[in-house]
Amino acid sequence: MPRQLRLKRTLSLFDAVSIGLGAIIGAGIFVALGIAAGLAGPGLILSVVIAGIVASFTALSFAELGSAITKEGGAYEYVFEVVSPSLAFLTGWMWLFGQIVTGAAVSLGLAAYLALFVSLPLKLIAVSACLLFMLLNLIGVKQSSLVNDALVVLKIAALCIFVVVGIFHIQGPNFSPMFPNGLTGVISGAALIFFAYLGFGRIATVSEEVKNAEKTIPLSILLALGISTLLYLLVSSIAMGIVGYGKLSASGSPLADAMSATGNDLATWAVSLGGILATASVLLTTILGVSRVSFSMARNRQIPGFINALHPRFGTPYISILVTGLLMALLAFAWDLKQVFSLASFSVIITHVLVNYSALRLGKEKRRFRVPFSPVPQLLGIISCVALAFSLLPETWMMASVVLVVGVIFYFFEKLRR
């Protein structure tokens, strides 16, 4: 297919912010919040603030690059344009692998929630969810964006219900001692919560489909991060005040259990429904993002060119959407994802290191969005992401090395084939 294929700009600022919130507000707040509470205790509130500040460094780099490079592909395209094609391929390769694994895992999480309402096997529900959202993405980005908009509004409404009902059941003693595991626990909690913020990069993957992208992309990234930070602060504070960190850390569904402690069954049901909507929107936007990055890589002739194709009726990159959805469905059906899920975190960290580096390398003449105190935020973004990478288990580094080696072999094979 011709390399100059471009997608239509149909997404508004609201759509772009919703894509970011759809990717950010998911298992991080509905599940991981309890794990982080066990590490940080009531200091979880400080963990949320620290994680938000660290995430903002990379968000500023995404905003700067997103205003200068308005092509599909996000982090991959930034590295391709600013650093080098070979490093861009490895960026895209790792990101695709991590996100496909994430999508399959999220579909299983969604299935676990839905299994409470329907009597079907978990894997059947997970596969069906992957295929359903694949078809929705296939029909059109505007259609899938409208569904995502609705999911985001509803899950934020569920969190607002949690805040409004829960604020009247806060008990002061639950905040004491404030730092039961010291500063180390707060930092460990921040490292875990950090991953709950990282969906803002999903906005950049659809830059080519956003109206007035030079202004909309940076604004939507910062709005998505700001809104999610505010929600995380409110929800974590109130959950802690209702039941304390001991009960939160022992729960697999901390928000639903905290709401249950209030005795309000209707609010508990609404918060549980919010968990379903949250995982659904994450799965929807994951398929959207992966398909756009693979489309961009094919357009740059770094993966097989047949993926760079637009549907004659819907105008969507249908081959990349089909490949993405089918791979996720296959993994959800056939693979034990627990052993490789940490690779998703690793791939995100490495991608963000390269995004911050690309922002440093971006020429002054291309900078349309000016980052305050540059290059300090970019350097802090690199340092914080590298520190997080070294906090991962050695097994993760070994698995990542295998994935990288396979990627290098594939890259050179593709170059020789052409």
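Using mean Cβ contacts within 10 Å as the protection proxy, how do 353-365, 284-296, 22-34 order, highest first?
The densest-packed peptide leads the list: 284-296, 22-34, 353-365.
Taking only Cα atoms, what is the 0 to 90° angle, nearest 10, from helix 318-334's long axis to the longest principal axis of the chain?
Taking Cα atoms only, the helix is inclined about 50 degrees.
Of the candidates VAL186, VAL403, VAL243, which one comes out as most mobile in a Gaussian network treatment of the chain with C-alpha springs shorter than 10 Å?
Sorting by GNM fluctuation, first place goes to VAL403.
Going by Cα centres, the stretch 97-128 and the stretch 268-311 are how many Å apart?
Taking the Cα centre of each part, the stretch 97-128 and the stretch 268-311 sit 15 Å apart.
Test of understanding: ordering ILE45, ILE69, ILE217 by Cβ neighbours within 10 Å, fewest first, what list do you get?
On the way: ILE45 19, ILE69 22, ILE217 28.
With the sparsest Cβ surroundings first, the list reads ILE45, ILE69, ILE217.
Which ordering of TYR245, TYR113 is given by a fewest-first count of other beta-carbon atoms within 10 Å? Each step should come with its number before you reach the end.
Numbers: TYR245 27, TYR113 21.
Exposure proxy ranking, most exposed first: TYR113, TYR245.
Order by neighbour count: ILE170, ILE50, fewest other Cβ atoms within 10 Å first, most last.
ILE170, ILE50
Sequence gap at least 6, Cα distance under 8 Å: using those rules, report the relative contact order of the chain to the nearest whole percent.
Computed value for the chain: 36 percent relative contact order.
Give the angle, between 0 and 90 degrees and rounded to the nearest 10, that separates the Cα long axis of helix 376-390 from the longest principal axis of the Cα atoms of the chain.
Value to nearest ten degrees: 80.
Cα centroid distance between the stretch 217-252 and the stretch 357-409, in Å?
First find each Cα centre; the distance between them is then 25 Å.
Using only Cα positions of the stretch 8-73, each an equal point scatterer, no hydration layer, compute I(q)/I(0) via Debye at q = 0.23, 0.25 Å⁻¹ and quote the log10 values to two decimals.
-1.10, -1.18
Helix 342-361 sits at what angle to the longest principal axis of the chain, using alpha carbons and giving 0 to 90 degrees rounded to 10?
60
If you project the alpha carbons of the chain onto the principal axes, what extent comes out on each, in Å, largest first?
66, 51, 42
Zone of VAL402 (label point 7 Å along Cα→Cβ, backbone N under 18 Å): which residues in the stretch 343-358?
Taking a point 7 Å out along Cα→Cβ of VAL402, the residues of the stretch 343-358 whose backbone N falls under 18 Å are 343-347.
All of the numbers you see were taken from the coordinates with simple rules; none came from a lab. If you're wondering where the values come from, they're calculated on a predicted model, not measured in any experiment. Note that each Cβ is placed from the backbone with ideal geometry, even for glycine, and that neighbours are counted across all protein chains shown.
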